[in-house]
Amino acid sequence: MSNMIESLQWRYATKKFDPTKKLSAEQLQELMDAVQLSASSFGLQAYRVAVVTDPAIRAKVREHAWGQAQVTDASHLFAFMPMKSIDEAYVKNYVGLIAKTRGIPVESLKDYENMMLGTIKSRTPEALAVWLRAQAYIAVGFLLSAAAHMGIDTCPMEGFDPTHVDVDLSLLEKNLTTAVLVPVGFRASDDEAATYKKVRTPKEELFMTL
Ligand SMILES: Cc1cc2nc3c(=O)[nH]c(=O)nc-3n(C[C@H](O)[C@H](O)[C@H](O)COP(=O)(O)O)c2cc1C
């Protein structure tokens with residue numbers, strides 16, 4: 001699909017996936033590229049993304065997602081998992097990655113490192129967790145938009161119980177929690193939701209020109 005707005009009109013939160021239609025390996029890689037290319041505060045990408053294909057895990061997740069069929073029927077299930085906290089070591093590791101990628105000395109990034117650490121330390125643990133969750137949602141947006149552009153269907157989902165889904169995804173010992181699930185695949189030809197007109201706030205209300 002060439003026109004971005006046409007793609008965004010075409011996409012909708014898919015309620016019924018065709019379980020027989022699977023993403024190709026190339027499509028999956030391209031979607032992962034899009035997620036990897038997401039913007040994030042300072043570029044920290046303090047989240048991880050699970051691509052869940054194991055039917056047993058997906059069946060368990062579905063139980064904890066009010067039985068929503070998309071979880072098991074879509075080709076793949078992405079789970080966006082923000083870190084619960086980040087520490088100095090994570091920031092220093094990221095600074096090392098910038099230095100290596102751009103071929104510059106780590107010392108030249110000291111001010112940037114201090115700025116990141118200052119921002120993190122100025123937040124309460126609760127505010128930090130909220131900020132970290134927000135980062136993962138931006139990556140979700142990249143996935144939805146890229147998928148639409150590729151003619152691939154998605155359904156962003158918050159309708160699940162994270163305390164159970166975190167267990168299903170084996171996150172308990174990890175510094176991660178599940179924020180958003182995104183089944184990805186291809187709509188069933190009889191998904192009624194595909195025919196619903198888009199309901200959106202009028203532009204005069206949505207935007208302010210100042
Ligand atoms: C963060 C988030 C959570 C959502 N959770 C669910 C969900 O659990 N189940 C579902 O069917 N749709 C879910 N939706 C889809 C929204 O209901 C849908 O995006 C909205 O009604 C606009 O419709 P459209 O995306 O089809 O244009 C969610 C959307 C977002 C962005």
Hits in segment 147-191 (condition: under 14 Å from T14 (Cα atoms) and either more than 15 Å from the chain's Cα centre (by Cα) or more than 11 Å from the ligand (Cβ to nearest atom) (or both)): A147, G151, I152, V184, G185, F186, R187, A188, S189, D190, D191
Yes or no: I104 without any contact (Cβ under 8 Å) to a residue 24 or more places away in the chain, assigned to a loop (DSSP other than H, G, I, E, B) and more than 15 Å from the ligand (Cβ to nearest atom)? yes
If a residue has to be part of a loop (DSSP other than H, G, I, E, B) and either away from the ligand (no atom under 11 Å from the Cβ) or without any contact (Cβ under 8 Å) to a residue 40 or more places away in the chain (or both) to count, how many in segment 192-204 make the cut? 5
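Conditions tested, residue by residue: (1) surrounded by 19 or more Cβ atoms within 10 Å (Cβ to Cβ); (2) of a type in the set (G, A, S); (3) at pLDDT 95 or above.
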{"residue": "K60", "(1), (2), (3)": "no, no, yes"}
{"residue": "S85", "(1), (2), (3)": "no, yes, yes"}
{"residue": "Y90", "(1), (2), (3)": "no, no, yes"}
{"residue": "L97", "(1), (2), (3)": "no, no, yes"}
{"residue": "Y112", "(1), (2), (3)": "no, no, yes"}
{"residue": "M116", "(1), (2), (3)": "yes, no, yes"}
{"residue": "A129", "(1), (2), (3)": "no, yes, yes"}
Flagged in segment 68-83 as open to solvent by 20 Å² or more (accessible area, probe 1.4 Å) and among the polar types (S, T, N, Q), in numbering order, are Q68, T72
If you take the residues of segment 32-58 that are assigned to a helix (DSSP H, G or I) and under 11 Å from H76 (Cα atoms), which of them is farthest from the ligand (Cβ to nearest atom)? P55
Determine if segment 172-188 includes at least one residue that is under 26 Å from A129 (Cβ atoms) and either part of a helix (DSSP H, G or I) or of a type in the set (F, W, Y) (or both). no
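The values are calculated or read from the model by the stated rules, or taken from the named source; none is laboratory data. Because the structure is a prediction, the values reported are computed rather than measured. All Cβ positions, even for glycine, are placed from backbone atoms using ideal geometry, and neighbour counts span all protein chains on display. Just the protein is used for accessible areas: all its heavy atoms, side chains included, with ligands, DNA and RNA removed. Shrake-Rupley method; radii C 1.70, N 1.55, O 1.52, S 1.80 Å.
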